[in-house]
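Read the structure below first, then the notes.
Nothing in this text is a laboratory measurement; each read-out follows from the coordinates by a stated rule. Everything quoted here is computed from the prediction, not taken from an experiment. Neighbour counts run over all protein chains shown; Cβ positions are idealised from the backbone, glycine included.
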Amino acid sequence: MKTKVAIIGSGNIGTDLLIKILRYSETLEVAAMVGIDPKSDGLARAARMDVPTCHTGVDGLLEMPEWNDIKIVFDATSAKAHLYNWEKIRQFSDKRMIDLTPASVGPYLVPAVNFSDHMEALNVNMVTCGGQATIPIVAAISDVVKVHYGEIVASIASKSAGPGTRANIDEFTETTSRGIEKIGKAEKGKAIIILNPAEPPLVMRDTVFTLSEMGDKEAIRKSIRAKVELVQEYVPGYKLHQEILFDEIPASNPVLIQGLGYRHGLKTSVYLKITGAGHYLPEYAGNLDIMTSAARATAERLVKSIQS
Amino acid sequence: MKKPYIQDVTLRDGMHPIGHQYTKEQVKELAIALDRAGVDAIEIAHGDGLAGGSFTFGFGAQTDWEWLEGISEELTHARLTTLILPGIATMEDLEKAKNMGVESVRIATHCTEADTAIQHIQGAKKLGMDVGGFLMMAHMNSPKNLAEQAKIMEQAGADCVYVTDSAGALLMNDVKDRIEAFKEILEPSTEIGIHCHHNLSLGVANTIIAMQHGATRLDASLTGMGAGAGNAPLEVLIAVLNKMEVSHNCDLYKLMDTAEDIVRPLQKRPVRVDRETLSLGYAGVYSSFLLHSERAAQKYGLDTRAILEELARRGMVGGQEDMIVDVALDMIK
C-alpha cells in the first residue's frame, strides 16, 4: 500500500512535486493538495487528476477526511507560512514534515549527503534549490580536504522564480550559505543567486568555488564525480558542464574573505548544469526539478526506512 | 531648475578597474577630498556592492567594513552612501553599514527584476535610510517596461529610481525615452537618477540629456573611474554644468586636482574607450565583465572581444561573472 502524503502550496514547486509523485512514485500517494487560492493552476490540476484539494491552507487540511491517514506533509509555501504550518502539524506526532521553504526549522537535508543522519527527524528542511545543487559538491571536496570557504552562484531563469522566491531572496542566500557550512562542511559559506530573463529561458546553472587546504587533486576529482552520480540517481538532468578546474592560491598572495580573514590553498571550480525533467515547467527550470526531486527522494527513502 | 544632486561612485564603481584593491587609507583620503570638493553623496562598497568580495567578483584588498569605517565622521557636506545587489548582499549587511553611518543606499537589480528588491527597499526605509532603486542594464528593457519596473521600486518606497546604463550601450534618444517614460508613470515626488558608462563616449552627454529631461540625481566618478570605459567623468560633468550655468555644490578645480593627482595614478588598466571597452558598449555587455573577460582571454588564448560578444549573445546579466570562464571553456571545446 502506498503511503499517503499531503502537499501544502499550489505554486510552481508544489505542482511540480504533485506531478512527479502522481506519475512516477511507486510508494507515495498524494491524498491532499492544499492551497490558499481556489483559482490557482496547481489546485485545478490536482482536481483534474482526482486528487482531493482544499483552498483554505493548513487549517483546511486538518479538517479533511483524508488527514488521519496522511503520514508525510510537504510544505512548498514560504518560509513565513511554514512557521504557521509547522505549528499546526507538529501537534500530530505520527506525521513527518518535509519542508521545501528556506525556513530552516528542521535540520538541513540533502539526500546525496546526509539522508541517514536525519531519518528520525519530524521536520527536515530541503535547504534551497541552489543548495541542493551545490552542497553535494562542497561536501565531496570536504570528504578529501579541509574546506575553508565554499562559494556558489545559482543562475536561474526569471520565469522559473515564482513570487515566493522573489520576495525572499535574502532567505535564499542565508539558508544556502548556512547549508554550505553545516552539510558541506566549509568553514564559511557564501551563496549568490542571479535571475536571468533571457528568452528562450536559460537552463539552470550552478557554479561552485571552494578554497581548501592543498590536497590530492585526483582524489578531489574522483570524490566530486562520485557525488555527481549519487545526485543523478534522483535528478537525472544534473551534470558537470566543464572539467573540474584547480588553481593554487599561494601563501604569499592570499585572498581576504569577509568574515574569515586571509586564506590560501587550493581553489577548485566546478561548473554544473541542471536540466529539468520538464514536468510542470519546461526543462530550463532545473531549480524546480532539483528541489522537488530531492523532496520526493527524501520521502521515498523515509518510507523505505520506516517500513524496514 | 532644482540643483542636481551629484553622487560620486569613484569608491564603488571605481573599484572595478583596480580589482577592488583600494586600501582603506586611499578610500579615506578620496572621501575627504570629494567631500571638500562639494559632492553631495559618496558611495563606498565593493564594486559589486556590499558583500561582493568573492571568487566570482574578486576579493577586495579590504572588507567593506574596513573601507567604511571612520568615514562618516570625516564628512562635512556629503552623504555617505552604499549599494547592494539582492542575491549577493542581504539586509543584515545593510544594517551593519547603517550602523557605520551610511545614510543612503541604492538597491540594484537587473532591469526586469525589480520585485526582488522590494524586501530590501522596504527594509532600508524602515531603517530610516534614503533609498534609490537602481535598474541595471537599462538598455535590455523598453522604456515603457523599464518604467513599470521603476514603479515597483517606487511603490516599495524608493525615494529615487535610476536609469542605470551598466553596459554603456544607450544612445542619447534611448536615455531621453527612458527618463520620459519614468516621468510619465512615477509620482512627482519621486526623484529620477541617471548612471552612465562611457563605453560609447556618451557618459557626460547622456547624463546631461537625462538631466534636461528631468533626472535630478547624477552619478559620476573622478576620471570616470568605473567599470569598462568608466562612468561619466565627474570633473568633466562639473565643467559642462558650469558652462551651462547650472548651479551645483561642487568645486571644479578641486575635483580636477583630485582626479589627476590621486585617482589617475591608481589606474593599472587605463580607464578609457579602447577596443575592449568599446566592445562592451557596442555589444551591450555588463561593464564589470571587462577585467574578468580579459583574464579569461589571456588564459585560454582567446580574443576578449569574441568572449564579450558571446556573453551578449547568451544574454548574460550583471552578476554572472562566473559564466565568463564557462563561456571561454565552451569556446575552446
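Numbers at a glance
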| quantity | calculated |
| --- | --- |
| Sites matching GluC sites (Glu not before Pro) across the range A:155-221 that sit in DSSP coil, with at most 15 neighbouring C-beta atoms within 10 Å | A:E213 |
| Karplus-derived HN-Hα couplings along the range A:146-162 (A = 6.51, B = -1.76, C = 1.60, θ = phi - 60°), whole Hz, x at Gly and Pro | 6, 9, 6, 8, x, 10, 10, 10, 10, 10, 10, 5, 3, 5, 8, 9, x |
| Part-to-part distance (alpha-carbon centres) for the range A:168-240 and the range B:143-221, which is given in Å | 36 Å |
| Restraint check, B:K144/B:K243; A:K239/A:K267; A:K146/B:K299, Cα-Cα greater than 23 Å | B:K144/B:K243; A:K146/B:K299 |
| Distant-in-sequence amide H partners of A:I257 (H built 1.01 Å from N, under 5 Å) | A:Y262, A:R263 |
| For a label point 7 Å along the Cα-to-beta-carbon line of A:H55, residues of the range A:14-33 with backbone N under 12 Å | none |
| Ranked A:C54, B:C250, criterion: other C-beta atoms within 10 Å, fewest first | B:C250, A:C54 |
| 12 Å beta-carbon shell around A:L245, net charge (K/R +1, D/E -1) | -1 |
| Greater than 30 Å apart at Cα, pairs in A:K80/B:K126; A:K182/B:K268; B:K125/B:K183; A:K188/A:K217; A:K39/B:K126; A:K217/A:K273 | A:K182/B:K268; A:K39/B:K126 |
| Hz values of 3J(HN,Hα) by residue in the range B:281-292 - Karplus curve (6.51, -1.76, 1.60), Gly and Pro given as x | x, 5, 8, x, 10, 3, 4, 5, 6, 3, 5, 4 |
| Leading residue at positive end of dipole, the range A:61-200 (Cβ point charges), from A:T165, A:F92, A:I183 | A:I183 |
| Likely footprinting exposure, A:I21, A:I7, fewest C-beta neighbours within 10 Å first | A:I21, A:I7 |
| Qualifying aspartates and glutamates (Cα of each under 20 Å from Cα of B:K254; at least 8 residues distant if same chain) | B:D8, B:E25, B:E29, B:D35, B:D40, B:E43, B:E74, B:D219, B:E235, B:E245 |
| Cβ-based net charge around B:M331, under 14 Å, with every Lys or Arg adding one and every Asp or Glu removing one | 0 |
| Per-residue ³J(HN,Hα) for the range A:65-80, Karplus 6.51 cos²θ - 1.76 cosθ + 1.60, θ = phi - 60°, Hz, x for Gly and Pro | x, 6, 3, 3, 8, 6, 10, 10, 10, 9, 10, 10, 9, 9, 4, 5 |
| Principal-axis tilt of helix A:217-232 within chain A, Cα atoms, nearest 10 degrees | 10 degrees |
| Distant-in-sequence amide H partners of B:A61 (H built 1.01 Å from N, under 5 Å) | B:Q21, B:Y22 |
| Ranked list, fewest to most other Cβ atoms within 10 Å of each Cβ, for A:S155, A:S104 | A:S104, A:S155 |
| Neighbour net charge for B:S189 - beta-carbon separation under 10 angstrom, K R +1, D E -1 | -4 |
| Calculated [θ] (222 nm, deg cm²/dmol) that DSSP helices of n ≥ 4 give over the protein assembly as shown, each run adding -39,500 (n - 2.57) | -11500 deg cm²/dmol |
| Over the range B:68-107, relative contact order from alpha-carbon pairs under 8 Å, at least 6 apart, % | 55 percent |
| Gyration tensor (alpha-carbon) shape descriptor, the range B:1-49, a/c threshold 1.5 | oblate |
| Anisotropy class of the range A:94-242 from Cα gyration tensor, a/c 1.5 cut | oblate |
| Centroid-to-centroid separation of the range A:45-88 and the range B:265-333 [C-alpha atoms, Å] | 48 Å |
